[in-house]
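Okay, structure first, notes after.
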Amino acid sequence: MTARKTGAPARRRGTSPAKRKYWSADVMRKSNALDIERSTFTWRDPKRIARSLKLSAERSRRRKAGPYQSAMSMLNFYINRAGRSLTAERKRVLAQAKLELRRLFDRA
């Protein structure tokens, strides 16, 4: 058995990085819990984002949790998966959307 040279990166087998799909992108597109309006998370108005999530969560019959938890989970999922690629402005808008969502569900 030969040892790998230190400093050499481990190679990943399978598809090339250009063809690899991210599981989180599939979740956002094909979520079985909520039918979210297209590009909801790109809107600049936090109240509009929160209203859309609330409406989607209340209309959905496929969710396992309550509407508040489902809506907040989807918003947190987006924030966590986007991570470092979010600008400070986007983080601020999405944080305000969380506050607005709490207010809409009387959880503030």
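Coordinate-derived values only; no laboratory data. Everything quoted here is computed from the prediction, not taken from an experiment. Backbone-built Cβ (ideal geometry, glycine too); neighbour counts: all protein chains shown.
Can you tally the net charge around Leu55? Count Lys and Arg as +1, Asp and Glu as -1, for every other residue whose Cβ sits under 11 Å from the Cβ of Leu55.
The answer is +1.
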Arg44-Arg102 FRET efficiency (beta carbon distance; Förster radius 22 Å; 0.05 resolution): 0.65
